[in-house]
Amino acid sequence: MNTALQPPASAYFITEEKEQNERRTLAVLVDNEPGVLARVIGLFSGRGYNIESLTVTETEHEKHLSRITVVTSGTPHVLEQIKSQLARIVPVHRVVDLTTAARERGHDGPIERELALIKVQGIGEQRLEALRLADAFKAEVIDANTEHFVFQITGRVSKVDQFIAIMAPLGLVELCRTGVAALTRGKEGM
Amino acid sequence: MDTSPTQPAEQMTGAEMVVRALKDHGVTDIFGYPGGAVLPIYDALFQQDDIRHILVRHEQGAGHAAEGYARSTGKPGVMLVTSGPGATNAVTPLQDALMDSIPLVCISGQVPTTLIGTDAFQEADTVGITRPCTKHNWLVKSINDLPRILHEAFYVATSGRPGPVVVDIPKDIQFSTGTYTPPAPVEQHKSYQPKVSADIGRIQAAIELLASAKRPIIYSGGGVVNSGPEASRLLRELVELTRTPITSTLMGLGSYPASGKAWLGMLGMHGTYEANMAMHQCDVMLCIGARFDDRITGRLDAFSPGSKKIHIDIDPSSINKTVHVDLPIIGDVAQVLGEMVRLWREQTKQMDRSALSEWWRTIETWRARDCLAYRPNDNVIMPQYAIQRLHALTKDRDTYITTEVGQHQMWAAQFFGFEQPNRWMTSGGLGTMGYGLPAALGVQIAHPEALVIDIAGDASVLMTMQEISAAVQHNAPIKIFILNNQYMGMVRQWQQLLHGNRLSHSYCEAMPDFVKLAEAYGGVGIRAEKPGELDDAIAEMIAVDKPVIFDCRVANLANCFPMIPSGKAHNDMLLPDEATDEAVANAIGEKGRALV
């Protein structure tokens, strides 16, 4: 429960947030209709919720369904609100809290993977060092000439973060990340 | 347009489809304002006689009129506006309907599809602008989608927790021809399926908890009204069965009669002392179709600290939004109350009689504080007295009340006793000044024979005053009863409480002559300045079969009590007999005032 602050001459009751934030990965199955992504994003911005990562693509063409994977953070109370507010959007079919679902099945969390494309510029020893490290991270070379590489790396968010951090001093010029794709482990669907 | 609804599918233009779909959904009256992008629909309206169009003077008025129509009938309200400014003017009523859960279907014209995105004349991104202030909205891009979207719009607006929807129809779609399919007998939406039947195990748990209570209270809200007359009947039956004290939010007034034995009056910031004290000290709270709004709860960490809370709501996102509840029940109020009453009777449940009698004795001691008392005055009309007289002189009639927003609204809620649901139309969630006059127009259109009164404030009523012209045009004899204190009373009250009595811009120094204003519009103006002339003036107002502006000159500096000041709990109310100038000045703490 939040505690009330001394009222700073306000017509509202202002409280201080005491609970700790948690991170959750949500899968939201929606009708692939115009504006549906704006509805989801508008809900987050309008109600002051956080988006750490957002991934959207049509997943079932014939059923006209898209899957939105959103990584968010908030207090347990706010996270419950996010889920019920999302479920209230008319074209939303289902909202599944993958983090909670995974924990209920005895896992640490859902499978989460991300892909990044990373352009590194350099010559000589610095260029070789980038290539050696990419090899260690099992990053693929997608494009290269004598002065640059474009690496593709897939894996956990932390691995992608780490690879980017290592590339930074080796001539990182540009990067693009897909955001998180996530599924629960085990044979059951969501 | 002489088409029979039994024919399954037929060819017609988009504009004709709109009119036909309205008819198929039982719409008889719509509120709107024409403009370039809706002319084809207006042309289709011109060529038929089944749907009456009420021309307003501003699109905001159309929206509030449709809200008043919806709230007083239980049917969806429909508004029709043009693109651009027509649609942006609809934003306030849309948000108002969203916050008060009013079924409102707004049909807007849009520039032709080929011009969308070119900054065309009267173009606005209507679906973008109205996305956060509607339950759902659609931009129709093909004539083939139009019938389905129109039917879906009515389904979404009226099912589950009701709310506003927008269907934005480009002009070329209105002109083009396609196949119209009538609505399905039972609408089945692919993704939107609100849960109306609650889990029976939870309902059983709820009656067990209620039966175990020593200090129970029912806190009901607008959801009871929205659920329909059966919900109000069941609520009364449950109260009768259990003798549980009952209070209600602003939106829920009338579901339980104000003359009922178990009635405690409204709760919340300007609720009664007994209702708020009972909320604070109860051991079981049954919240029915209300949402623990911040005007209700006061300080959250001190809100009803010792109670087990049961919350019946059709919207899962209302559960645990601000107040943690012990027993949530997701479902339609009438369905849940029906089951509760049935199980209670079948299992011959009993309340703890002695505990309940003790609880009622405690409540009577709070009631004895007479928290709504005010000092009568022989020379000046006290605003509370004006409402009391208005109630006394209209209660035996078929009366509907709307309000604007402010002190007059709270006095109306406190002093006008509502006996039936759907008789009280007010802007609760959004607090829209200017709601009441157009809402009264909408109510009068729905109930032509009824007495419809907008209890107004002098500041609010000027926001949508032009709709008196629409009332004159459509022979809607609405009565605008203005508690005229020459101030934005509630703004001034807060400035007195919180801002060192510095009355920044809350005094209207150039008030119009409301009697002359009424006459200028073709209505009737009446003024009352002394308590002695009030009754006759009200009787005169009722007798006039025309729109009336009643300028009721009330005590300028009266304030609205009781009140839960900012940052205080339910058991920390400011009562009228304690509200001396000093108490008002000190109602907030030292530290708080230092921040002023």
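Residue pairs exceeding 24 angstrom between C-alpha atoms, taken from B:LYS195/B:LYS309; B:LYS261/B:LYS395; B:LYS195/B:LYS349; B:LYS190/B:LYS321: B:LYS195/B:LYS349; B:LYS190/B:LYS321.
Take the Cβ-Cβ distance between A:VAL173 and A:ASP135 as r, set R0 to 22 Å, and report the resulting FRET efficiency rounded to the nearest 0.05. With R0 = 22 Å, the Cβ-Cβ based efficiency is 0.65.
Just need the relative contact order of the stretch B:1-97 here, percent rounded to a whole number, with Cα pairs under 8 Å and 6+ apart.
Details: 120 pairs, mean separation 28.8, N = 97.
With pairs under 8 Å counted, the relative contact order is 30 percent.
Distance between the pseudo-spin-label points of B:GLU240 and A:ASN21 (7 Å out from Cα toward the beta carbon): 5.4 nm. Between B:HIS189 and B:GLU346, the simple spin-label model (points 7 angstrom out along Cα→Cβ) gives 3.1 nm.
Please compute the per residue accessible area over the protein assembly as shown with all protein chains in place, 1.4 Å probe, rounded to a whole number of Å².
Numbers: 32030 Å² over 786 residues.
Counting only protein heavy atoms, the per-residue value for the protein assembly as shown is 41 Å².
Of the three principal axes defined by the Cα atoms of the stretch A:22-104, the extents in descending order read 36, 30, 20 Å.
Distances between placed amide hydrogens fall under 5 Å for B:GLY109 paired with B:VAL81, B:THR82, B:SER83, B:ILE169, all partners being 5 or more residues away or on another chain. The phi-based Karplus calculation (6.51 cos²θ - 1.76 cosθ + 1.60; θ = phi - 60°) puts the 3J(HN,Hα) values of the stretch A:118-127 at 9, 9, 10, 10, x, 9, x, 4, 4, 5 Hz, whole numbers, x for Gly and Pro. Amide H contacts for B:ILE319 (H built 1.01 Å from N in the peptide plane; partners 5 or more residues away or on another chain; cut-off under 5 Å): none found. A Förster radius of 22 Å, combined with the Cβ-Cβ distance separating B:ASP370 from B:LEU393, puts the computed FRET efficiency at roughly 0.40.
Run the numbers for B:THR177 and B:ASP572: contour at 0.36 nm per residue of separation, minus the present Cα-Cα distance, in nm. Mind showing how you got there, number by number?
On the way: separation 395, 0.36 × 395 = 142.20 nm, distance 6.46 nm.
Between B:THR177 and B:ASP572, full extension yields 135.7 nm more.
Interface area, chains A and B: about 2600 Å² of buried accessible surface, summed, with a 1.4 Å probe and ligands, DNA and RNA left out.
Let me confirm one metric for peptide A:80-93, namely the mean number of other chain beta-carbon atoms within 10 Å of its residues' beta-carbons. Present the calculation step by step, with values, prior to reporting the outcome.
Values: counts 5, 5, 1, 2, 8, 4, 1, 3, 10, 4, 14, 5, 2, 4.
What the average comes to for A:80-93 is 5.
Between B:ILE200 and B:GLU419, the modelled labels are 3.8 nm apart [label points 7 Å from Cα along Cα→Cβ]. At the residue level, B:LYS190 shows approximately 120 square angstrom of accessible surface with a 1.4 angstrom probe and all protein chains present. Surface composition of chain B: carbon plus sulfur atoms contribute 51% of the solvent-accessible area (1.4 Å probe, protein chains only, all chains present). FRET efficiency for the A:GLN152 to B:SER357 pair, using the beta carbon distance and R₀ = 56 Å, is estimated at 0.15. Using equal-weight Cα scatterers in the Debye expression, the normalised intensity of chain B in log10 at q = 0.05, 0.06, 0.07, 0.09 Å⁻¹ is -0.22, -0.32, -0.44, -0.73. Globularity index of the protein assembly as shown is 1.06 (Cα radius of gyration / 2.2 N^0.38 Å, N = number of residues). Packing here is the average count of other Cβ atoms within 10 Å per residue, and on that basis the peptides B:228-234, A:19-25, A:74-80, B:412-418, highest first, run B:412-418, B:228-234, A:74-80, A:19-25. Seen against the Cα atoms of chain A and their longest principal axis, helix A:157-167 is set at about 40 degrees.
As I understand it, the value is the acute angle between the Cα axis of helix B:200-211 and the longest principal axis of the Cα atoms of chain B; what does it come to in degrees, rounded to 10? On a 0 to 90 degree scale, this one is about 30. Net charge of the neighbourhood of A:ASP161, taken over other residues with C-beta under 10 Å away and scored Lys/Arg +1, Asp/Glu -1, is +2.
Helix content alone sets the calculated 222 nm mean residue ellipticity of chain B: runs of n ≥ 4 DSSP H residues at -39500 (n - 2.57) each, divided across all residues, give -11000 deg cm²/dmol. Around the amide H of B:MET351, modelled in the peptide plane, lies no amide H under 5 Å away from a residue 5 or more places distant or on another chain.
The values are calculated or read from the model by the stated rules, or taken from the named source; none is laboratory data. Keep in mind it's a predicted model, so treat the numbers as computed, not measured. Heads up, the Cβs are rebuilt from the backbone with ideal geometry, glycines too, and the neighbour counts pull from every protein chain shown. All accessible areas refer to the heavy atoms of the entire protein, side chains included, with ligands and DNA or RNA removed. Shrake-Rupley method; radii C 1.70, N 1.55, O 1.52, S 1.80 Å.
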